[in-house]
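Below: the structure, in structure tokens.
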Amino acid sequence: MSKIRVMDENLANKIAAGEVVEKCSSIVKELTENSVDAGATEIQVHLRDGGLTSISVIDNGSGMDESDAKLAFQRHATSKLYKDDDLFFIDTLGFRGEALPSIASVSHVALKTSTGDVGTYLEIEGGKLIVCENADARKGTILSIDHLFYNTPARLKYLKSEQSELGSCVSFIERFALAHPHVAFTLINDDRTLVKTSGSSNLLKTIHEVYGLSISSKMLEVRASNDDFDLYGYICKPEVLKSNRNHMIVIVNGRVIRNLDILRAINDAYYTYKPDIKYPVVVLKIDTDPTLIDVNIHPTKQDIKINKMNVLYELIVSTIKEALYQNLLIPDAVERMSNYNPVKQKVMESIVKEQDEVYEKAESVQATFDFSEERKKEDDSPIIYNQEMKTLKLYPVGLAHGTYIIAENEEGVYLIDQHAAQERVNYERNMKFLKGKEVATTTLLFPITIELSNSEFLKLKEQEEILQDMGFGIEEFGVNTFVFKSHPTWLLEGHEEESIRKIIDLIIGGLNGFDRVKFNESIAITLACKMSIKANMHISHEAQEELLNELCMCDNPYNCPHGRPTIIKFSIYDLERMFKRAMN
Ligand code: ZN
Ligand code: ZN
């Protein structure tokens, strides 16, 4: 029986053919998805000039017989879908079977395919079959496309530069390989191999093959489940950060997707483990009931919508946070050798900006999505204690440049940024007080008067109870002036007025209403910075000892609240290697 069915007209219309081929990587995507659907375990992609001259995909999949091969190039023919609703219950990847006839209508296609019996060779030009003959019986399919858009020159100009087209092909194959670790992928451009995976079925090994040792050696496994979702994958230690979101790879039910809510969950889980403008490397597989997914956007896009996003958000955040808490994350000062391909690196740099703009655009559209409720819940979540670091003992041996504490233990030598470290300690302390139910207050011997402008005074008067909740005793005092008679005890002595002014700034500066969680965060961070020893201040040995002990007791001892590192390590091994004491 023929595997290819004629597709319902309605669905065909939904899949607007003109948008199927946006760039060379859309063809690579279509062809390789077909290969995976055909059960291939080995897929080779050969490009000439980034795909602009030609694209060939060779697989060892099930292949087609002659009639299926011919039918695959007819409009509205697809083996993968039968009716409209099926779009929502996809278990094959290439649900756009429509793409092949579209591609064939604007290019020259050569197809050699066999199910293992007689092989078939077809050539199609501008959608017309020009050659059909028998071929050898090697099981699998070879599909080559050249002269893309030869008959629609107006479309040709939409293709980008060779570097850019190649970049998006590499980026696609990398993600696709990570989604299918059981398939061996090779991508070759002009005889240079840019991607090669072994099809080992091992995700970490695939990450290694795609990103190299410098990343794969710094990944942490995550795994979690609840009633609706199963998570599995790898997240990077905070020392491996990228300046764009291209390395946050999300795979839902076997397909690489783009979903800003999921990216936001990943990003929120790294809160204060990294600066806001840096992004982690994450490969996260999510499996769920297909009824919880809406593929409600054009099928060439990877965007999907997830029902029960709040549940998924909680699961992702708690799972990643736990992995970060439970591992020792002190970065090694000495980088391991990287096997990352420099040619590929150059290619990838050319598309980074382009892809990031896609996220930024989508994010501004989506900015209306409100997560404040989730944030509040997250704020009450129990703290998971960082046992690894708490058992670590660091002995200070001196201070360099009045800035870095030099410390040691049996495993190596450490440098600690004293400001960043104390900022972390103070931040966690401030957060504890700000979240606490009971507030201890101190009465000021000399009340502090704060004079404001008329509009500031009115704004603050409106939100007076925020200050009262925090433990400030305040009264109006003449024109546009408040007098502070008591303050929460945890404010740093000698910095009371400065702290009060900072808090007032944050209250009246809040746009679109007051968000308690964000407010507490800002207060905790701002005051932590003010309360901390600055660089170029020489602190005593005892003070160093105390600071290191306090740092080790923090929930995240590795980063200041702005995400900068607090501590780096030179392991004994690295030191011996650098001093040539160990000769390997
Ligand atoms: Zn600071
Ligand atoms: Zn900082």
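Tabulated data for the structure shown
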| item | result |
| --- | --- |
| Net lengthening on full extension, residue 401/residue 157 (0.36 nm per residue, minus Cα-Cα) | 82.1 nm |
| Gain in span if fully extended, residue 220 to residue 549, counting 0.36 nm per residue against the direct Cα distance | 115.8 nm |
| Long pairs among 196/346; 321/459; 218/344; 157/285; 274/390; 237/502, criterion Cα-Cα beyond 27 Å | 321/459; 157/285; 237/502 |
| Other-chain or far-sequence residues with amide H under 5 Å of residue 42's (modelled H) | 60, 184 |
| The range 541-581: trypsin sites (Lys or Arg not before Pro) in DSSP coil with no more than 16 other Cβ atoms inside 10 Å | 580, 581 |
| Candidates per chymotrypsin sites (Phe, Trp or Tyr not before Pro) in the range 385-461, loop by DSSP, up to 13 other Cβ within 10 Å | 385 |
| ³J(HN,Hα) computed for each position of the range 33-38 - Karplus, 6.51 cos²θ - 1.76 cosθ + 1.60, integer Hz, glycine/proline x | 5, 4, 5, 5, 4, 7 |
| By average C-beta atoms within 10 angstrom, highest first, the peptides 459-466, 314-321, 212-219 | 314-321, 212-219, 459-466 |
| Gain upon complete extension [residue 41, residue 485; 0.36 nm per residue less C-alpha separation] | 152.4 nm |
| Amide N of the range 244-269 lying under 15 Å from the label point, which is placed 7 angstrom from the Cα of residue 230 along Cα→Cβ | 251-255 |
| J(HN,Hα) series, the range 453-465, from Karplus relation 6.51 cos²θ - 1.76 cosθ + 1.60, nearest Hz, glycine and proline x | 6, 4, 5, 4, 4, 5, 4, 5, 4, 4, 10, 3, 5 |
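We did not get these values from a lab; they are worked out from the coordinates using the rules stated. Quick caveat, the model's predicted, so the values are computed rather than measured. Neighbour counts run over all protein chains shown; Cβ positions are idealised from the backbone, glycine included.
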